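J.: A single structure is presented below for examination.
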Amino acid sequence: MKKIVSKSTEIGGRTITLEVGRFAEQATSAVLARFGDTMVIATVVASPKISKLDYFPLTVEYVERLYAGGRIKGSRWVKREGRPSDDAILKARLIDRSIRPLFNQNYKHDIQIIITVLSVDGENEPDILGIIATSAALAISPIPWNGPIGSVRVGYVPSPNGESGFFLNPGLKELAFSELDLVVSATKEKVIMLEAGANQIKEETFISGIAFAREETKKIISLIDDLVKEVGREKIEIRDNEKIKEIKKIINKEYKKEIGNLILARVSKEQEGDELTVLSDSIAQVYAEKYDRGDIEKAIDQLFKEQIRQDILKNKKRADGRKPEDIREISGEVGLLPRTHGSAMFRRGQTQVLTVATLGSPSLEQLIESPEGETAKRYMHHYSMPPYSVGETGRVGFPARREIGHGALAERALLPVIPPQTSFPYTIRLVSEVMSSNGSTSMASACGSTLALMDAGVPIKNPVSGIAMGMVEENNKYELLSDIIGIEDFCGDMDFKVAGTEEGITAVQLDVKNSGLTDQVITESIKKAKQGRLHILQNMLTVIPKYRETLSKFAPRISVIIIPKEKIGEIIGPGGKIIRQIIAETGCDINVNDDGQVTIAGIDPVKVEVALKWITGIIKEVVPEEVYQGLVKRILPFGAFVEILPGREGMVHVSQMASEYISDPSEVVKIGQQVTVRVIEIDDQGRINLSMLFGEDAKKKTVRPQGKREHFQKRRWNK
């Protein structure tokens, strides 16, 4: 049995422990991590075979097990966990983005990292622990990786006494009170990855939050360094491919013009891929005996990137001719689709996104099952990027991880401005269809979503816009780029997406392709991003300056009423009889929750009002001497039953129909007739007794004879 090695330190007042040697001894490396009662295991395996893929062969899987929270899947037929949830995919991406930039790209063996959630305590989030465990597993492995990194989550509650207000690793309950949910992954010197949602916080506050996180990540890195000293293995040495260097010299000498044409083709997005194939074919025909086709394509790719980068750094000239701070032409439209509840098109350069807003009843919210328990979402954003958006053919079906990630980012960008359910009781779904892609479709989706919500009449707190910032860096010299296009994302060192309102930031996502960003670069990027997104926002508001005052006629109308909990049974009725009757007769969708909130949704506002009055009538306390306009529903020999409220009937005895004697109730009332009635009493069985007599007539009314009811009825009919 292998020796178990354990290292611990304190982070945010709680102990984090990293352990090696207990599990997964056949993996390349494995680390068991614990924080509170939350535990994860991160395993790393490097394949002995060389990969032939033309991209870095890394996969990261985040595996949620319901047993971690002591739960069994709710499905009656399927108890095994199925495909990863969107949340699991987002956490896998979070880990992937934190570690990928630090690999040696010349290492060509498949690497698979699996993070399995073993235990959750409901207080300490397993995703951050997963990043730390993965960092430790890579650091002790022989795989060439320029880590370790530390990662923390930061919350923020404004402090009235001038203190910072930042706190570490907030749980789900604490996040409900936090203005910020920020994840920072960093090496000792630089920031590698940022992911954040914020409640319109100021840029200065956000920057301070990153600085606060950086100090805590250093403690985690020190912990991992201690583990490496004891169980770390020597890293595999990777040498540069000298053949590629030779090919680059040849291309620079003989094919420089062709590289320029390749850049033009990529910028215009016309015949993408064809120019590269033609050029590599030309070179391969001449040098096929000396050089491998794959090395030729890599050399072309490197020269292509170098040319783009040098033009920016030396000449401040971007591939599409813009200056570093310039933003592409912006346009938009709303109300394009006649039968949807809200629709908008947002275009920025060649990037074009159509977003559609759909409103539904609260019962349509999404239920999510995880080890921590069940939660519900009433606001959702889904993102779709079909192959035609980049002029290609490809698979169409389940969303890829990238699509799930982009949709989640756009969703997070608008979450702080979505009206609360108490004032706007709708389930909201947004779908962004990427019609054309050339850079930052996620931020275009955020902009399009704002316009679509405003077109739908959703009373958002503030409109949101977003921008993607890029950077090119070499020899400590860098240039920041506003509103990057696809080629600048491909060739650059940074993709820094920032969304927000005029008031402040709502979402941030940072990915890098270099060794990380300094504090100076981050600060400058955030400040320039603010200028850019406010410029974009001004253009958006020329399309629709404010949300519409009324909803689409095709959107459901919703009414909400709070009833006493003890009245829930009366609304439902025996075996659901009453509520089914209301639904059948009005065609409305009606939901009653355990807190007594009743939600009524329907397309026809008249029917919604009928259902509302019906339910209001059921719960209303009827008291003596109240007067109602009622409808005669049934006539019996001894009187008539009158509906005074929807679903509530009382009886008018024949003796209470007129001041003089009446032998037959049909002489006074007819079925369907509207009559004015007065409540006499509610008897000990809850039955309502009514009268049609008022004033002096009520005083002179026929006195009901004493004795049994059967005798009274018999005597009346024998007269």
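The values are calculated or read from the model by the stated rules, or taken from the named source; none is laboratory data. Because the structure is predicted, anything quoted here is derived from the model rather than measured. Note that we place each Cβ from the backbone using ideal geometry, even for glycine, and neighbour counts take in every protein chain shown.
J.: Out of all the residues in the range 50-60, is one or more within 27 Å of L168 (Cα to Cα) and assigned to a strand (DSSP E or B)?
T.: Within the range 50-60, the first condition is being within 27 Å of L168 (Cα to Cα), and the residues that meet it are 60.
Then keep just the ones that are assigned to a strand (DSSP E or B); that gives 60.
Checking the range 50-60: at least one residue is within 27 Å of L168 (Cα to Cα) and assigned to a strand (DSSP E or B).
J.: Could you please give the count of residues in the range 577-612 that are surrounded by 14 or more Cβ atoms within 10 Å (Cβ to Cβ), under 36 Å from the mean Cα position of the chain (by Cα) and part of a helix (DSSP H, G or I)?
T.: Here the count works out to 10.
J.: Residues of the range 474-486 being of a type in the set (S, T, N, Q) and part of a strand (DSSP E or B), which ones?
T.: S482
J.: Another one. Testing A88 on (1) buried (at least 17 other Cβ atoms within 10 Å of the Cβ); (2) without any contact (Cβ under 8 Å) to a residue 60 or more places away in the chain; (3) farther than 26 Å from P399 by Cβ, one condition comes back false. Which one is that?
T.: So A88 meets the others, but not (3).
J.: How many residues does the range 23-49 hold that are over 24 Å from Q105 (Cα atoms) and assigned to a loop (DSSP other than H, G, I, E, B)?
T.: Counting residues in the range 23-49 that are over 24 Å from Q105 (Cα atoms) and assigned to a loop (DSSP other than H, G, I, E, B) gives 6.
J.: For the range 487-545, how many residues are over 26 Å from the mean Cα position of the chain (by Cα), buried (at least 19 other Cβ atoms within 10 Å of the Cβ) and not in a helix (DSSP H, G or I)?
T.: 4
J.: Determine the pairs where a residue that is farther than 25 Å from I484 by Cα and free of Cβ contacts under 8 Å to residues at least 60 places away in the same chain, located within the range 288-316, has a partner that is assigned to a helix (DSSP H, G or I) and small (G, A, S) with Cβ atoms under 8 Å apart, the partner being 6 or more residues away or on another chain.
T.: Pairs that qualify, where the first residue is farther than 25 Å from I484 by Cα and free of Cβ contacts under 8 Å to residues at least 60 places away in the same chain and the partner is assigned to a helix (DSSP H, G or I) and small (G, A, S), are Y291/A284; R293/S280; R293/A284; I296/S280; I296/A284.
J.: Something else: Of all residues in the range 638-697, count the ones that are part of a loop (DSSP other than H, G, I, E, B) and out of contact with any His (no Cβ under 7 Å at 6 or more places or on another chain).
T.: Going through the range 638-697 one residue at a time, the tally reaches 24.
J.: Scan the range 222-269 for residues that are at pLDDT below 85, hydroxyl-bearing (S, T, Y) and over 19 Å from V286 (Cβ atoms) and jot them down.
T.: The one that is at pLDDT below 85, hydroxyl-bearing (S, T, Y) and over 19 Å from V286 (Cβ atoms): S268.
J.: In the range 487-520, which residues are under 14 Å from I207 (Cβ atoms) and not β-branched (V, I, T)?
T.: Those that are under 14 Å from I207 (Cβ atoms) and not β-branched (V, I, T): F496, G500, G504, L510, L517, D519, Q520.
J.: Being touching a helix residue (DSSP H, G or I) at 6+ places or on another chain (Cβ under 9 Å), in a strand (DSSP E or B) and under 17 Å from R347 (Cα atoms) narrows it down to one of S449, S442, S432, so name that one.
T.: Details: S449 fails: in a strand (DSSP E or B); S442 fails: in a strand (DSSP E or B).
Result of the check over S449, S442, S432: S432.
J.: Any chance the range 465-480 includes a residue that's surrounded by fewer than 24 Cβ atoms within 10 Å (Cβ to Cβ), within 24 Å of the chain's Cα centre (by Cα), touching a residue at least 60 places away in the same chain (Cβ under 8 Å) and under 18 Å from K202 (Cβ atoms)?
T.: The answer is no, given that none of the residues of the range 465-480 is surrounded by fewer than 24 Cβ atoms within 10 Å (Cβ to Cβ), within 24 Å of the chain's Cα centre (by Cα), touching a residue at least 60 places away in the same chain (Cβ under 8 Å) and under 18 Å from K202 (Cβ atoms).
J.: Sticking with this one: Name the single residue, out of those in the range 344-401 being among the basic types (K, R) and over 15 Å from the mean Cα position of the chain (by Cα), that is nearest to A456 (Cα to Cα). Show your work before the answer.
T.: Kept after step one, since they are among the basic types (K, R), are these residues of the range 344-401: 347-348, 377-378, 395, 401.
Then drop every residue that is not over 15 Å from the mean Cα position of the chain (by Cα), which leaves 347-348, 395.
Values: R347: 19, R348: 22, R395: 32 Å.
Result: R347.
J.: Would you be able to say whether some residue in the range 336-348 is out of contact with any strand residue (DSSP E or B) (no Cβ under 9 Å at 6 or more places or on another chain) and surrounded by fewer than 19 Cβ atoms within 10 Å (Cβ to Cβ)?
T.: Scanning the range 336-348 turns up at least one residue that is out of contact with any strand residue (DSSP E or B) (no Cβ under 9 Å at 6 or more places or on another chain) and surrounded by fewer than 19 Cβ atoms within 10 Å (Cβ to Cβ).
J.: If a residue has to be surrounded by 14 or more Cβ atoms within 10 Å (Cβ to Cβ) and either among the basic types (K, R) or under 21 Å from V5 (Cα atoms) (or both) to count, how many in the range 227-241 make the cut?
T.: So the count comes out to 5.
J.: Have a look at Q685, Q581, Q673, Q597 and point out the one that is touching a strand residue (DSSP E or B) at 6+ places or on another chain (Cβ under 6 Å) and under 21 Å from E570 (Cα atoms).
T.: Q597
J.: Among the residues of the range 185-215, count how many are touching a strand residue (DSSP E or B) at 6+ places or on another chain (Cβ under 9 Å), over 21 Å from V512 (Cα atoms) and part of a helix (DSSP H, G or I).
T.: Going through the range 185-215 one residue at a time, the tally reaches 1.
J.: Restricting attention to the range 348-385, and to residues there that are assigned to a loop (DSSP other than H, G, I, E, B) and either over 30 Å from S559 (Cβ atoms) or basic (K, R) (or both), which single residue is modelled with the lowest pLDDT?
T.: Out of the qualifying residues, it is E372.
J.: Kindly establish whether S389 is under 17 Å from G448 (Cα atoms) and assigned to a helix (DSSP H, G or I).
T.: When the stated conditions are applied, S389 passes them.
J.: If the Cβ limit is 6 Å and pairs must be 6+ apart or interchain, which residue in the range 171-182 that is within 19 Å of G36 (Cβ to Cβ) and not assigned by TED's automatic domain parsing to the domain that holds Q509 pairs with which residue that is of a type in the set (D, E, K, R) and in a loop (DSSP other than H, G, I, E, B)?
T.: G171/E123
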